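What follows is a short report on a single structure.
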Amino acid sequence: MSIATTKDITIDRQIGQNLRTLRQQAGMSQQDLGKHLGISYQQIQKYEHGTNRLSATNLWVLCRIFGVPSEYFFHGLGGKPVPVMALLDDDPQTITILRKLRSVNDPDVKSRIIKMMTLMMAKP
């Protein structure tokens, strides 16, 4: 049995911070995200603080929920920075949506657009 190193804890915290950023950008509460994963909001808090590690299964599900590649969660861990646009597929519609969203300067308008998109993508 190994003891977690400081490096391991730093990685877990960074992944958690990236998860929190995605969740907040989507306008989703910890409770809502927990429901999608079948876990409690407390567990989401533990993931976001790096207290508990995300399993590969939950990481995969999160990628599907937020529509991001798995590399997104490892952003900020060192190495050469990768622009978000480079992590996306080459779907022209996705790129157009992101460019238009980036051009919105009002944070309230941007937040409402993201919430609207989240509601539109939610399965009944």
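Within region 105-119, residues that are in a helix (DSSP H, G or I) reach partners that are not β-branched (Val, Ile, Thr) with beta carbons closer than 6 Å, at six or more positions or on different chains, in the pairs ILE114/GLY27; LYS115/GLY27; THR118/ALA26; THR118/GLY27.
Looking across THR51, THR94, THR57, one residue alone is out of contact with any helix residue (DSSP H, G or I) (no Cβ under 9 Å at 6 or more places or on another chain), of a type in the set (S, T, N, Q) and either at pLDDT 80 or above or closer than 24 Å to ARG13 by Cβ (or both). It is THR57. List pairs: first in region 88-103 and under 12 Å from MET117 (Cβ atoms), second part of a helix (DSSP H, G or I) and modelled with pLDDT of 80 or more, Cβ under 7 Å, 6+ apart or cross-chain? Hits for this filter: LEU101/LYS110; LEU101/ILE113. Which of the residues belonging to region 101-123 are modelled with pLDDT under 85, surrounded by 10 or more Cβ atoms within 10 Å (Cβ to Cβ) and not hydrophobic (A, V, I, L, M, F, W, C)? Within region 101-123, ARG102, THR118 qualify. Mind listing whichever residues of region 21-48 are touching a helix residue (DSSP H, G or I) at 6+ places or on another chain (Cβ under 6 Å), surrounded by 17 or more Cβ atoms within 10 Å (Cβ to Cβ) and in a loop (DSSP other than H, G, I, E, B)? Selection gives ALA26 alone.
Within region 53-60, the presence of a residue that is crowded, with 19+ Cβ neighbours inside 10 Å, under 22 Å from THR118 (Cα atoms) and in contact (Cβ under 8 Å) with a residue 24 or more places away in the chain is excluded.
The values are calculated or read from the model by the stated rules, or taken from the named source; none is laboratory data. Because the structure is a prediction, the values reported are computed rather than measured. Every residue, glycine as well, gets a Cβ built from its backbone with ideal geometry; the counts of neighbours run over all protein chains shown.
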